[in-house]
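The values are calculated or read from the model by the stated rules, or taken from the named source; none is laboratory data. These numbers were taken from a predicted model, which means no experiment stands behind them. Counting neighbours? That spans all protein chains shown, and the Cβs are built from the backbone with ideal geometry, glycine included. These accessible areas exclude ligands, DNA and RNA; they are computed on the full protein's heavy atoms, side chains included. Shrake-Rupley method; radii C 1.70, N 1.55, O 1.52, S 1.80 Å.
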Amino acid sequence: MEYDERLALFRQTRLNPFDRGEEEDGPQEGKTPPQHESRPELFSGSRTHSSDRTMDLGLAEDHFSRPVGSFVASDIEQLKLAIEECKKLILELPENSERQKDTVVKLIHLRLKLQELKDPEEDEPNLRILLEHRFSKEKSKSVKQTCDKCSAIIWGLIQTWYTCTGCYYRCHSKCMNLITKPCVRSKVSHQSEYELSICPEIGLDRQDYRCAECRTPISLRGVPSEARQCDYTGQYYCSTCHWNDTAIIPARVIHNWEFESRKVCRSSLRYLALMMSRPVLKLKEINPLLFNFVEELVEIRKLRQDILLMKPYFITCKEAMEARLLLQLQDRQHFVENDDMYSLQDLIDISSGRLSCSLTEIHTTFAKHIKLDCERCQAKGFVCELCKEGDILFPFDSHTSVCHDCSAVFHRDCYYDNSTTCPRCARMTERKQDEVLECV
């Protein structure tokens, strides 16, 4: 039976509290007991039975139709008493019986109603700004979420809740004024860098035995609250701020080439998620020796260098601009800007082999356009001026070398075997000297 059907049936079976009082106390002298219309009963058996009379105490009242005006404290107390009676009755009824199942449904209804009274619906704004968070009111009623502030379940059916559009922080409407942590996205925007020390622990004593975020008293023995260490910051947090989520730690990747997920606090989890695709890691400065031990990094660096050499061909080629070839790297825009900056997602994809496959395919497409498909790009090739033989050369060919001064392209063997200077550089120097003499 669906929720709405059970709710309608429950409303049909409720009793007027005055009728119930007359029934329990008996009819008064000189008065005829009121005649009730026959109503379908949710439970079988006579209502004069002791357990059924207990069931009627608070359970059959109309707790689901709100009267005009606000509830008073007595309504909440009555619901709490009804819930306790319902819990006792569940334990008394036979296991897995229909009556027990229906009583459980009633218990759920009563608890939802109690929660609604404690957190009544209000006309909440659709957008709220707090500590650089931009909270947007959620309209989903069925998705199960957990409040990042109080760690309790968000009952979307009866509770108002918000999500930060920047860091995806979720919380009840009633918890918003208790938030003390600024939006993580603002930190990403103002300070885009990682902690590059592996688990920089400072000790609980330096934290005054308190959570690093909410300052709740904590200890390693779990009294009064369990201390949980974040592998990214090295600090200790309470169970409300640290849910034992796991994430890949950038410092362990850079120094150890280790991609095992470690436990992190909630704020670190959001920060690492927002930083995942940001190219802020300059490996040749942080750990240049990594290229000596990870062959995949050397391969990716060569492909990126070739793509940078292809870029001038595309930005001056009409066909390439119309085909939007460079948009194949729109998810990794930094690949067409430099060859030394990496994001954490780049390193994860390099380790798994996904980046090598995709980048090789893009490299092949780019080279095919320049060397085979486009006559304009072919016309921008080079002829080796040292041997004056062979096919047209391009700076991204594997068997070529490029002059660092004038960008002329030669066969690699010719360039290193020739002891003279670059012919093109020599011509340019001679031309400049002639221009100086003409001016004199």
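Only one of the numbered conditions (1) hydroxyl-bearing (Ser, Thr, Tyr); (2) over 29 Å from Ile129 (Cβ atoms); (3) open to solvent by less than 20 Å² (accessible area, probe 1.4 Å) is violated by Ser267, and that is (2). Contact map, the range 160-185: first residue not assigned by the TED database to the domain that holds Leu112, second residue among the β-branched types (Val, Ile, Thr) and assigned to a strand (DSSP E or B), Cβ cut-off under 9 Å, separation 6 or more or different chains; pairs are Trp161/Ile154; Tyr169/Thr163; Arg170/Thr146; Arg170/Ile154; Arg170/Thr163; Cys171/Ile154; Cys171/Thr163; His172/Ile154.
So for the range 221-239 (the condition being of a type in the set (A, V, I, L, M, F, W, C) and without any contact (Cβ under 8 Å) to a residue 24 or more places away in the chain), does at least one residue qualify? Looking for residues that are of a type in the set (A, V, I, L, M, F, W, C) and without any contact (Cβ under 8 Å) to a residue 24 or more places away in the chain, one finds at least one in the range 221-239, hence yes.
One residue stands out among those in the range 377-398 that are at pLDDT 85 or above and touching a helix residue (DSSP H, G or I) at 6+ places or on another chain (Cβ under 7 Å): the one that is farthest from Ile307 (Cα to Cα), which is Cys384.
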